[in-house]
1. Could you give the nm distance between label points at Asn48 and Arg3, where each point is 7 Å from its Cα heading toward the beta carbon?
2. Taking the alpha-carbon distance from Lys160 and a cut-off under 20 Å, which aspartates and glutamates remain once sequence neighbours fewer than 8 residues away in the same chain are dropped?
3. Just going by the charge dipole of the chain, with Lys and Arg at +1 and Asp and Glu at -1 on Cβ, which of Leu5, Asn31, Leu59 is farthest out on the positive end?
4. Would you please classify the overall shape of segment 109-178 from the alpha carbon gyration tensor, given that a ≥ b ≥ c denote the square roots of the eigenvalues, rounded means a/c under 1.5, and beyond that prolate means a/b larger than b/c while oblate covers the rest?
5. Given axes a ≥ b ≥ c from the Cα gyration tensor, I'd like to know whether segment 117-225 is rounded (a/c under 1.5), prolate (a/b larger than b/c) or oblate.
6. Could you pull out every one of the aspartates and glutamates with an alpha carbon less than 15 Å from that of Lys212, ignoring same-chain neighbours closer than 8 positions?
7. For segment 84-154, how many pairs of lysine residues have a Cα-Cα distance under 28 Å, where the two are 8 or more positions apart or belong to different chains?
8. Under the rule of -39500 (n - 2.57) per DSSP H run of 4 or more residues, summed and divided by the residues of the chain, what mean residue ellipticity at 222 nm is obtained, to the nearest 500 deg cm²/dmol?
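Nothing in this text is a laboratory measurement; each read-out follows from the coordinates by a stated rule. It should be emphasised that the depicted structure is a prediction, and the values quoted were computed from it without experimental measurement. Every residue, glycine among them, receives a Cβ derived from its backbone with ideal geometry; neighbour counts consider all protein chains shown.
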Amino acid sequence: MARRLQAMIGPSILNSDLSRLYEESQKLLDNGADYLHLDVMDGHFVPNLTLGHPVVKCLRNKIKDVFFETHMMVSKPEQWIVPMADAGVDQYTFHIEPVDNVAEVCRKIKESGMKVGLAIKPGTPVSEVEKYISMSDMVLIMTVEPGFGGQKFMENQMVKVQHLRKNYPLLNIEVDGGVGPSTISCCANAGANMIVSGTAVIGAADQAATIKLLRSTVQEAIDRQ
Ligand code: DX5
Ligand code: ZN
């Protein structure tokens, strides 16, 4: 049977109560999250700090069988490949903007046993990431400037998603930033299948219903394609 695209929802825990990282993560999973999107910031590539591999490793010790994606908003992604692999990360998604040799970083990530995600900021043309698609497992189109949760969704980024979906029907395309019930249709119709959602899910009165709505909207768009 031919491979098919799958709608997947990966909440971002950035705006949750981080003193309760495990409980908040487990709650998201109990409420139907397909994977966890862990935002790693270095205070250099973006003007904010979050968490690093020691925290990811502790979380992995408590949550065994769930797909962990780390979104590496860092200036030197090659520096954290081995520590993140050791921490039990499944997919290492890094920004290509500060990297000289993207192919080399992709190779090292694979060698460490992780999947490769390539991320671009809103100002980066999609052609920049397109050259490396054959080396990757997923492309992340940022729909806010990376650095903070709770920002407004940038609809003008959807042309990138549309372009990629048209040319790469089976590529995993992720969107991240300002995605929630009011913006999900836009992402789904453009062709995104992996959905990161932070504040909209964390702050939802009914997390399970929100995650379900996000997933069904995306799945219906996939089924129409
Ligand atoms: C932004 C992060 C996102 C963000 C998502 O730099 O990469 O993952 O926290 O949060 P919301 O959905 O609130 O924009
Ligand atoms: Zn993110």
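1. So the label points at Asn48 and Arg3 sit 3.2 nm apart.
2. Glu97, Glu128, Glu130, Asp137, Glu145, Glu174, Asp176
3. Of the candidates, Leu5 comes out farthest on the positive side.
4. Oblate, since a/c reaches 1.5 and b/c is not below a/b.
5. Values: a/c = 2.04, a/b = 1.35, b/c = 1.51.
Oblate, since a/c reaches 1.5 and b/c is not below a/b.
6. Asp30, Asp34, Glu220
7. Values: Lys108/Lys121; Lys108/Lys131; Lys110/Lys121; Lys110/Lys131; Lys115/Lys131; Lys121/Lys131; Lys121/Lys152.
Close lysine pairs under the 28 Å cut-off: 7.
8. Details: 9 runs with 80 residues, N = 225.
Computed mean residue ellipticity for the chain: -10000 deg cm²/dmol.
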